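Below you'll find the structure I mean.
The values are calculated or read from the model by the stated rules, or taken from the named source; none is laboratory data. If you're wondering where the values come from, they're calculated on a predicted model, not measured in any experiment. Note that we place each Cβ from the backbone using ideal geometry, even for glycine, and neighbour counts take in every protein chain shown.
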């Protein structure tokens, strides 16, 4: 057992600092706000810019990235755990120049792995991180103990809300929960399904001011996506609206949100520990146990 533990520590320490993917978690305080639609269409927009993008669906039990893409998901994260497949083997391709990993029913098992499986997971995650420009984690609604390590390890967190009071309250509660665990997490706010631009901006500004007032936390506003019937049409066709209606106002707004994000990142000079290195620390201290 000592030999295994020493090998595990050696594996962690040997992971190099080669260029890794930019990692983004897309979250919401409650379900039904269009989080997965935002994740999927942003990923496609990033791919259109020439980036290699992977969407990692971690909305366990409710995962629908493959449905929004109109594709089947022959494998999921469950196959990594139960059938000893590598993450590369369960990555699915799409006709939209993005790849995806489907959600399974065993994400909680990742938090209680034996040393050998944990070592394999870290190995797999690092390999994927070196193969993509962006990895987008589509998380379940809210923040749970099982998802927290991913949320505080990613480079940035996109928070999707709607103007509904319950959605706003839940979005704030979710950010507060994450902040209690990591004050360094960077949040970016998106208001989806607003009737008017002004309504969406007021929603985001209220969230921004609340975070500053009660948590002394600066958050960035990315923008507003208006309620649009073409989104429902695209979902019914199981084709992303960015593909089905590329010249629509909402597709162009996706480009604007990403440009706003790029502008904020470009003006930030804070050196952040990268995703794989954060996960190494968390797993080393809390999860990597030889059983």
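Among the residues in region 78-96, are any in a loop (DSSP other than H, G, I, E, B), under 20 Å from the mean Cα position of the chain (by Cα), at pLDDT 95 or above and over 14 Å from residue 128 (Cα atoms)?
Checked region 78-96: at least one residue is in a loop (DSSP other than H, G, I, E, B), under 20 Å from the mean Cα position of the chain (by Cα), at pLDDT 95 or above and over 14 Å from residue 128 (Cα atoms).
Residues in region 193-203 that are outside any strand (DSSP E or B) and buried (at least 21 other Cβ atoms within 10 Å of the Cβ): how many?
Going through region 193-203, the residues outside any strand (DSSP E or B) turn out to be 195-203.
Of the ones still in play, those that are also buried (at least 21 other Cβ atoms within 10 Å of the Cβ) are 200, 203.
Counting residues in region 193-203 that are outside any strand (DSSP E or B) and buried (at least 21 other Cβ atoms within 10 Å of the Cβ) gives 2.
Just for region 14-31: of the residues that are modelled with pLDDT of 55 or more and not in a strand (DSSP E or B), which one is surrounded by the fewest Cβ atoms within 10 Å (Cβ to Cβ)? First the steps, then the outcome.
Start the filter on region 14-31 by keeping residues that are modelled with pLDDT of 55 or more, which leaves 18-31.
Now drop any that are not not in a strand (DSSP E or B), which leaves 18-21, 29-31.
Working: 18: 10, 19: 8, 20: 21, 21: 22, 29: 24, 30: 19, 31: 15.
Taking the candidates together, the pick is 19.
Quick check: is even one residue across region 210-233 within 20 Å of residue 25 (Cβ to Cβ) and part of a helix (DSSP H, G or I)?
Within region 210-233, the subset within 20 Å of residue 25 (Cβ to Cβ) is 211, 215, 217-223, 225.
When the remaining residues are screened for being part of a helix (DSSP H, G or I), the result is 211, 215.
Yes; the residues of region 210-233 include at least one that is within 20 Å of residue 25 (Cβ to Cβ) and part of a helix (DSSP H, G or I).
If you don't mind, another one. When you go through 215, 201, 258, 222 one by one, which is the residue that is under 29 Å from residue 70 (Cβ atoms) and either without any contact (Cβ under 8 Å) to a residue 60 or more places away in the chain or touching a strand residue (DSSP E or B) at 6+ places or on another chain (Cβ under 7 Å) (or both)?
On the way: 215 fails: under 29 Å from residue 70 (Cβ atoms); 201 fails: under 29 Å from residue 70 (Cβ atoms); 258 fails: either without any contact (Cβ under 8 Å) to a residue 60 or more places away in the chain or touching a strand residue (DSSP E or B) at 6+ places or on another chain (Cβ under 7 Å) (or both).
After ruling out the rest, the residue left standing is 222.
Okay, moving on. Checking residue 187 against (1) farther than 27 Å from residue 221 by Cβ; (2) buried (at least 20 other Cβ atoms within 10 Å of the Cβ), which single condition isn't satisfied?
Checking residue 187 against (1) farther than 27 Å from residue 221 by Cβ; (2) buried (at least 20 other Cβ atoms within 10 Å of the Cβ), the one that fails is (1).
Just the residues that are under 14 Å from the mean Cα position of the chain (by Cα) and over 18 Å from residue 220 (Cα atoms), please, taken from region 147-184.
Passing the criteria: 147, 148, 149, 150, 153.
Also: May I ask you to list the residues in region 57-76 that are surrounded by 19 or more Cβ atoms within 10 Å (Cβ to Cβ) and more than 19 Å from residue 190 (Cβ to Cβ)?
60, 63, 66, 69, 73, 76
Scan region 37-64 residue by residue and report those that are closer than 20 Å to residue 193 by Cα and at pLDDT 95 or above.
37, 38, 39, 40, 41, 42, 43, 44, 45
So, one more: Only residues that are over 16 Å from residue 257 (Cα atoms) and surrounded by 13 or more Cβ atoms within 10 Å (Cβ to Cβ): list them for region 204-217, please.
206, 207, 208, 210, 211, 215, 217
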